[in-house]
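The values are calculated or read from the model by the stated rules, or taken from the named source; none is laboratory data. Small disclaimer: the values here were computed from a predicted structure and weren't measured. Because the Cβ atoms are built from the backbone with ideal geometry, glycine has one as well, and the counts that use them run over all protein chains shown.
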């Protein structure tokens with residue numbers, strides 16, 4: 001079960017169990033983060049749809065694995081117009097690593113999100129990034145972890161899937177919120193999730209649509225529903241990543 005006492009898909013249960021066993025960093029990190037809000041403004045000024053392109057070697061919901069050098073993929077995504085990048089650092093189930101994130105962040109000049117299942121404050125200290133993901137469903141003390149991330153210089157992206165999780169995120173002080181269209185209990189994707197939650201998000205909160213975005217029609221649908229940016233992984237990793245990013249950023 002998760003922090004809310006709800007059942008999880010076995011694959012997600014395994015990921016969360018591994019997260020609770022993973023050690024944190026030994027020294028507290030301090031980050032000079034690249035501004036995500038500035039990157040969004042630059043994309044809008046250029047007429048690009050703001051896309052966070054995800055470097056995702058594999059996942060429990062995708063078939064196969066992509067073994068390209070993460071730096072090559074990252075540079076190709078930026079060449080396609082990505083506003084920011086998301087890099088998986090979860091090793092057991094997604095093939096990610098903190099080393100990959102370090103190398104990617106050194107190679108590009110856009111903000112980089114650390115995508116992982118962070119459940120303890122010390123796990124924030126494993127690697128520097130510009131943004132870091134906090135999944136409301138998996139965090140007991142969301143306000144405490146969000147504050148700890150901000151104190152280190154991170155821009156926390158708080159992920160929610162339900163209205164109750166949105167309320168928790170807002171109460172904790174989150175001003176950057178992602179709505180995951182994938183139900184981590186059943187691993188099913190429904191874009192209606194974003195459309196049902198977005199109207200309840202205050203105007204001063206930056207809102208990101210996550211998961212299930214596989215076409216330009218999906219991009220337009222999420223933008224019409226209020227998405228300030230889109231996090232896209234599998235649909236970009238499947239094929240030529242530069243062309244895929246360009247297709248979504250010009251939708």
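Name the single residue, out of those in region 164-198 being more than 14 Å from the chain's Cα centre (by Cα) and in a strand (DSSP E or B), that is farthest from residue 111 (Cα to Cα).
188
Name the single residue that is surrounded by the fewest Cβ atoms within 10 Å (Cβ to Cβ) among those in region 122-137 being part of a helix (DSSP H, G or I) and in contact with a strand residue (DSSP E or B) (Cβ under 9 Å, 6 or more places away or on another chain).
126
When both residues are 6+ apart or on different chains and their Cβ atoms are under 6 Å apart, which pairs have a first residue that lies in region 18-29 and is more than 7 Å from residue 125 (Cα to Cα), and a second that is assigned to a loop (DSSP other than H, G, I, E, B) and modelled with pLDDT of 85 or more?
19/117; 19/119; 20/119
Limited to region 213-240, what total is found for residues that are assigned to a helix (DSSP H, G or I) and modelled with pLDDT under 95?
4
Can we say residue 213 is in contact with a helix residue (DSSP H, G or I) (Cβ under 9 Å, 6 or more places away or on another chain), buried (at least 19 other Cβ atoms within 10 Å of the Cβ) and under 17 Å from residue 158 (Cβ atoms)?
Against the criterion (in contact with a helix residue (DSSP H, G or I) (Cβ under 9 Å, 6 or more places away or on another chain), buried (at least 19 other Cβ atoms within 10 Å of the Cβ) and under 17 Å from residue 158 (Cβ atoms)), residue 213 does not qualify.
Mind telling me which of the residues 78, 104, 110, 119 ends up being assigned to a loop (DSSP other than H, G, I, E, B) and either touching a strand residue (DSSP E or B) at 6+ places or on another chain (Cβ under 8 Å) or within 23 Å of residue 42 (Cα to Cα) (or both)? Outline the logic, then answer.
Values: 78 fails: assigned to a loop (DSSP other than H, G, I, E, B); 104 fails: assigned to a loop (DSSP other than H, G, I, E, B); 119 fails: either touching a strand residue (DSSP E or B) at 6+ places or on another chain (Cβ under 8 Å) or within 23 Å of residue 42 (Cα to Cα) (or both).
When all the criteria are applied, what remains is 110.
Whether any residue in region 227-241 is under 18 Å from residue 47 (Cα atoms) and more than 18 Å from the chain's Cα centre (by Cα) is what I want to check.
no
Given the criterion touching a helix residue (DSSP H, G or I) at 6+ places or on another chain (Cβ under 8 Å), at pLDDT 95 or above and under 30 Å from residue 239 (Cβ atoms), identify the matching residue among 78, 49.
49
Among the residues of region 16-57, how many are part of a loop (DSSP other than H, G, I, E, B) and within 17 Å of residue 246 (Cβ to Cβ)?
Number satisfying all stated conditions: 5.
May I ask you to verify whether residue 146 is crowded, with 18+ Cβ neighbours inside 10 Å and either without any contact (Cβ under 8 Å) to a residue 24 or more places away in the chain or within 16 Å of the chain's Cα centre (by Cα) (or both)?
Answer is yes for this residue.
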